[in-house]
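The values are calculated or read from the model by the stated rules, or taken from the named source; none is laboratory data. Small disclaimer: the values here were computed from a predicted structure and weren't measured. Backbone-built Cβ (ideal geometry, glycine too); neighbour counts: all protein chains shown.
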């Protein structure tokens, strides 16, 4: 039953199996992980037929690495995942940067898949100027 809810879909990016030449499929928890990655990697307005899909963090590409920008990123990530990924509960969103790479922010998302109660962590790199 949990597999039916989590779904099966094409991997992102779309790849072909070298042996069978069929499209490689992402199943269940991997499908959810790739969906989260796709939500975060899509800027709002990027999809013509669904302009509200995506995450607002892309508006902050030219922001400084400040507490205000980090707070906005946390808020945007949490809101977009609540809106676009109903299969998960967002447990925590945290943003960190390394001192030797101040332009790279690592967005750490801890989430739980609702039907299986499996917990996962995803780290999404985001770059600011």
Q) Does region 90-101 hold any residues that are touching a residue at least 24 places away in the same chain (Cβ under 8 Å) and surrounded by 15 or more Cβ atoms within 10 Å (Cβ to Cβ), and which are they? A) 95, 97
**Q.** Qualifying residues in region 19-28 (those that are surrounded by fewer than 17 Cβ atoms within 10 Å (Cβ to Cβ) and either touching a residue at least 12 places away in the same chain (Cβ under 8 Å) or touching a helix residue (DSSP H, G or I) at 6+ places or on another chain (Cβ under 6 Å) (or both)) - the one nearest to residue 122 (Cα to Cα)
**A.** 27
Q: Could you figure out which of (1) surrounded by 14 or more Cβ atoms within 10 Å (Cβ to Cβ); (2) without any contact (Cβ under 8 Å) to a residue 24 or more places away in the chain; (3) more than 13 Å from the chain's Cα centre (by Cα) isn't true of residue 63?
A: (2)
Q) Is one or more of the residues making up region 115-128 farther than 25 Å from residue 28 by Cα and surrounded by fewer than 16 Cβ atoms within 10 Å (Cβ to Cβ)? A) yes
Q: Report whether or not residue 110 is in a loop (DSSP other than H, G, I, E, B), touching a strand residue (DSSP E or B) at 6+ places or on another chain (Cβ under 6 Å) and surrounded by 14 or more Cβ atoms within 10 Å (Cβ to Cβ).
A: no
Q: Tell me which residues, restricted to region 59-104, are in contact with a helix residue (DSSP H, G or I) (Cβ under 7 Å, 6 or more places away or on another chain) and either more than 15 Å from residue 40 (Cα to Cα) or part of a strand (DSSP E or B) (or both).
A: 63, 69, 87, 88, 90, 93, 95
Q: Out of the residues in region 1-18 that are over 20 Å from the mean Cα position of the chain (by Cα) and modelled with pLDDT of 70 or more, state the one that is surrounded by the fewest Cβ atoms within 10 Å (Cβ to Cβ).
A: 18
